[in-house]
1. When the accessible area of the chain is computed with all protein chains present and a 1.4 Å probe, what percentage of it is carbon and sulfur?
2. Take the alpha-carbon centre of segment 1-38, take the same for segment 170-215, and report the distance between them in whole Å.
3. Just add up the charged neighbours of residue 114: K/R +1, D/E -1, any other residue whose Cβ is under 9 Å from the Cβ of residue 114.
4. Would you mind calculating the relative contact order of segment 106-155 from Cα pairs under 8 angstrom and at least 6 residues apart, reporting the percent as a whole number?
5. Given (i) 1.09; (ii) 0.96; (iii) 1.02, which label gives Cα Rg over 2.2 N^0.38 Å as computed from the coordinates?
6. Can you tell me, using C-alpha contacts under 8 Å and at least 6 residues apart, the relative contact order of the chain as a whole percent?
7. Can you compute the charge dipole magnitude of segment 57-108 about its Cα centre, using +1 on each Lys and Arg Cβ and -1 on each Asp and Glu Cβ, nothing else charged? Give it in debye, rounded to the nearest 20.
8. Quick one: which residues, 5+ away or cross-chain, put their amide H under 5 Å from the amide H of residue 133? H built at 1.01 Å from N.
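The values are calculated or read from the model by the stated rules, or taken from the named source; none is laboratory data. Keep in mind the model is a prediction, meaning the values are calculated, not measured. Backbone-built Cβ (ideal geometry, glycine too); neighbour counts: all protein chains shown. Side chains are part of the model used for accessible areas, which takes the heavy atoms of the whole protein and leaves out ligands, DNA and RNA. Shrake-Rupley method; radii C 1.70, N 1.55, O 1.52, S 1.80 Å.
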Amino acid sequence: ARDYALHELSSVGETIQLVRRLQAAGVQAAVLKGATVALLAFGRFGVRYSVDIDLMVAKADVVTASSVLRQLGYVRTEPSETVSAAKMSARMRRNKDLAFENPGKGMKVELHWRLFENPHLMGDVDVRSCEPCALTASESVLGLSKAVAPLYLFVHGAEHAWSRLKWLADAGALLNAESAMAGRLYRQAKAAGLARSVGPGMLLSAEMLGTAVPE
């Protein structure tokens, strides 16, 4: 637990540095999960473990953002740095992100230009619709709004078949944080055509964590 907590604090520091360096290069970046979810769900750091840092930029800024990551010691791992231009172009059309890793720091970054592979799934959410989130008393980053973040987390969990229990723990903490959250979130999901993605996550959370289930 101590090691995980220290890793998360290191991840928070790295997140702040990455966002600042991207800003200096003229790239606006938002944090999708990680540090922002820790505060939204648990109100503090040291509870959850982040595998990687998820950043979202405008698609037009991906090349510049990738260059900044390389300057900071990151290497693109998915697709590899040696992939052909044609395959890279196909990746940009069909996928949502690029994966980078910093061997020296043991940090991983996913650089997103949209939330999901399917461009129509929450496709109206981009870096311009994000809001400031204070990570420390003096450092803020852009993150998904409090209205959008819970919906994204539930749809993300559904996309991956809730294969990591930590995602369900995040979802349960969000539902427990506010008594009206479950009903409001499900109404929001229905209005957006996402009820079939959000509903199963709510049922799983209720079964395993005892959270509320909307009527």
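1. 53 percent
2. If you average the Cα positions of each part, the centres end up 27 Å apart.
3. Neighbour charge sum, excluding residue 114 itself: -1.
4. Worked out over segment 106-155, it gives 22 percent.
5. So the structure-derived entry is (iii).
6. Once divided by the residue count of the chain, the mean separation gives 18 percent.
7. Numbers: 10 positive and 5 negative charges, 37 e Å.
Computed about the Cα centre, the dipole is about 180 debye.
8. For residue 133, the qualifying residues are 141, 142, 143.
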